[in-house]
Amino acid sequence: MTQTPGIAHLPIHKIQDAGILTTMDELAIEEPLEIRLQYGPATDRREQSVSITMRTPGNDTELATGFLYTEGIITDITAIDLVSTFTSNSILISLKTTIPLDLGRLQRHFYTTSSCGVCGKSSLEALRTVCPAPQPAADIPLPHDMIYALPEKLRRQQDIFGSTGGLHAAALFDAQGNFLSLQEDIGRHNALDKLIGSSLQNDNLPLNHHILLLSGRACFELIQKAAMAGIQIVAAVGAPSSLAVQLAQEYNITLIGFLRDQRFNIYAGSHRVRI
């Protein structure tokens, strides 16, 4: 059987009206990834674990760099000197010796589960990464029927989800609704970190003329990561949280929720949607 990255094939018993069928099923792989950081001057190099996240293997470099960027630990890709993979579940990001580091940020050790990217962070203030100043607004109104079409365009790109039904996706579209890129992961925050990490590596930040589409709900941390990347239009197939709406309002982000079945709700930034 051909192996697809990110997918495990396991035997199951399927219960049907006709009886029990023994067959193989495709499941999204979930494995831990430890992100380690090496930093400091050449005469005093230090190494520290900064996160353990449960993720779907693949695009681990993008995940690690996106995480470090959206957490405010690095400000651009030129801060990184070397990326090394010790094992399939451990990656080391070595910063250049000249890069200053806020050691206080490294004290926020936390364990990130696949369902929630903020577990273990002690307070709302700890969540509020120092975001860059909001980018100049891209206030050209988007036609509502163009927004309607985004979920189906996303679904056509979700290879692993189509097989397993078990992954979240984060996708970028241009202002005309054309699909640009996609990342999938069992963790919604990981999918977005991979997407932003890829944009960071390709020197495409800020993403202030793009639309971000999330395959699930929009939580606070996803809006925080979008703000870090300069994204001003976020649409989600599911519901936003109250804190997500609050942060979207603070950063002049258009936040759309329940985008499905030819309908959606606008929770912030309605001036960018043309009805």
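Coordinate-derived values only; no laboratory data. As the structure is a computational prediction, the values presented were derived from the model and not from experiment. We place every Cβ from the backbone using ideal geometry, glycine too, and count neighbours over all the protein chains shown.
Separation of the stretch 206-228 and the stretch 37-69 by C-alpha centroid, Å? Going from one Cα centre to the other spans 22 Å.
Multiplying the residue separation of Gln262 and Met146 by 0.36 nm and subtracting their alpha-carbon distance yields 40.7 nm.
Partners of Lys96 within straight-line reach, counting aspartates and glutamates whose Cα lies under 16 Å from its Cα and excluding those fewer than 8 residues away in the same chain: Asp44, Glu47, Asp76, Asp81. For the pair Gln249 and Ser90, a Förster radius of 25 Å applied to the C-beta separation gives a FRET efficiency near 0.05, rounded to the nearest 0.05. Just want the answer: with Cβ charges of +1 for Lys and Arg and -1 for Asp and Glu, which residue in Cys219, Gln249, Phe264 is farthest toward the dipole's positive end in the stretch 219-275? Highest projection toward the positive end goes to Phe264.
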